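Here the structure comes first, spelled out in structure tokens, and everything after it is commentary.
Coordinate-derived values only; no laboratory data. All values reported here derive from a predicted model rather than from experimental measurement. Counting neighbours? That spans all protein chains shown, and the Cβs are built from the backbone with ideal geometry, glycine included.
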Amino acid sequence: MDMVTLGAKGISVSLDLAVGHIADMQVEADGRTLKPLHRAPWVGSPRESLPQDIPEGTVRLSGDFLCAPFSSSDVEAAPLHGWTANSQWDVVENGAIPGGWRAVFRLRRKVMGAAVDKIFTLRDGHPFLYQEHIFSGGSGAISVAHHPMTSMREGGRLAFSPKRIAVTPPTPLEPDPARGRFRFAYPARATDLTHLPLAAGGTTDLTDYRMEDKREDFITLVEADHGGPGWTAIARRAEQDLVLVLKNPAELPVTMLWLSNGGRDYAPWSGRHLGVLGIEDGRAAMGHAASLGDNWLKHEGVATAFALAEGRSTSFRHVIGALASAEAEAPAGIETARDAMRVLAADGTAKDVPFDGEFLRIGRSVPA
């Protein structure tokens, strides 16, 4: 069995146990079925039709998955984004709880000697998946990131909790014009997300995802000190919904954005990976060794790995959700309370939805 599905009133989530990717997420809202997460167009193609050297996590690229480490596994041998994104998970628990559903999955392999558990919780009437990952034991340190992906047929508008800076890497993802293309300047740094430097000169508005911009781009946003949960909101025009991704910044202090819109010409991408945005909340630099070493984020006072130790557990939490919305604009703000989320529009109106505000509670004990 490679797929397991769990559900509560108004929501269902399916996990691909072969690689730990969310294969599907559906939210019932206003008589519609919202599907906030992306699945690569080649998933399900015969394996022999795909390049033989790509990892299983790329073969089955879907939804959201845990990266441990994020990017290159250059400390302990593993594929891109680690075994958590490329190998088998087992079902430990899966069943109803009062007011919802809970499932626990365990990675068959260990990461830096640590056992890894994935916990999904769904609550009746809540349009959110509540996730927790727990590393038990091990040694050394591990960088981590979630990797939720959404896709847009006609682009969309983005909004974020307050960010301190936005920084692109020293080199683009696709520097060879024979293989792909990019738009951002590399390296670049900005404090205004609406004025990010471009390679061709001038600036672009990071909050506007435009479909005509064929490119692969990557940028890291560092959370500002604002005392609330970190969040990203994507108002998808054609889909008429609002995709929401939330975190505790004390656990996951950076949000890395992957803009993948037909910018890779080689297989399996072949120019057909369109309108995709990865919202990669993490505690990481680019690569495991870089995360453990002297990197630019550490100079900014940002942690880039969790310490592991025998007899110790390390955990972090994350939330993905979707709301129906006919508005083409992203929200002006998001506020959370104990049992609700308030989504604030630019015109001053607000929408309240059920939300477990304690799940990401700021001030929750976080391992150093």
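A few points about this structure:
- Residues S14, S45, S62, S313, sorted so that the one with the fewest Cβ neighbours within 10 Å comes first: S45, S313, S14, S62
- Fewest-first sequence of V75, V243, V92 by Cβ atoms within 10 Å of each Cβ: V92, V75, V243
- Under 19 Å from a label point set 7 Å out along the Cα-to-Cβ vector of D74, the amide N atoms of segment 157-200 belong to 168-176, 186-188.
- In segment 81-165, the GluC sites (Glu not before Pro) that fall in loop regions by DSSP, at most 14 other Cβ within 10 Å: E154
- Dimensionless Rg ratio for segment 188-302, taking C-alpha atoms and the 2.2 N^0.38 Å reference: 1.15
- Taking all Cα-Cα distances within the chain, those exceeding 36 Å account for 15%.
- Highest average packing first - 285-293, 228-236, 268-276, Cβ atoms within 10 Å: 228-236, 285-293, 268-276
- Percentage relative contact order, segment 18-126, counting C-alpha pairs under 8 Å, at least six apart: 22 percent
- Across segment 170-192, the residues whose backbone nitrogen lies under 14 Å from the label position 7 Å along the beta-carbon direction of L198 are 182-186.
- Here the simple spin-label model places points 7 Å from the Cα toward Cβ, and for A350 and E310 these points are separated by 5.2 nm.
- Taking 7 Å steps out from each Cα toward its Cβ at S45 and R108 produces label points 2.6 nm apart.
- Remark: relative contact order (segment 177-323) = 21 percent; criterion is Cα-Cα distance under 8 angstrom and separation of 6 or more residues.
- Per DSSP, loop chymotrypsin sites (Phe, Trp or Tyr not before Pro) in segment 5-93 with at most 12 further Cβ within 10 Å: none
- Ellipticity estimate at 222 nm from DSSP helix runs (n ≥ 4, -39,500 (n - 2.57)) divided over the chain, nearest 500: -500 deg cm²/dmol
- Computed on segment 3-354, with alpha-carbon pairs under 8 angstrom and 6+ residues apart, the relative contact order is 18 percent.
- Remark: segment 3-354 carries a charge dipole of roughly 320 debye about the Cα centre, counting +1 on each Lys and Arg Cβ and -1 on each Asp and Glu Cβ.
- Quotient of C-alpha Rg and 2.2 N^0.38 Å, computed over segment 230-368: 1.25
- Spin-label model distance (nm) - D265 vs T191, 7 Å beyond Cα toward Cβ: 4.0 nm
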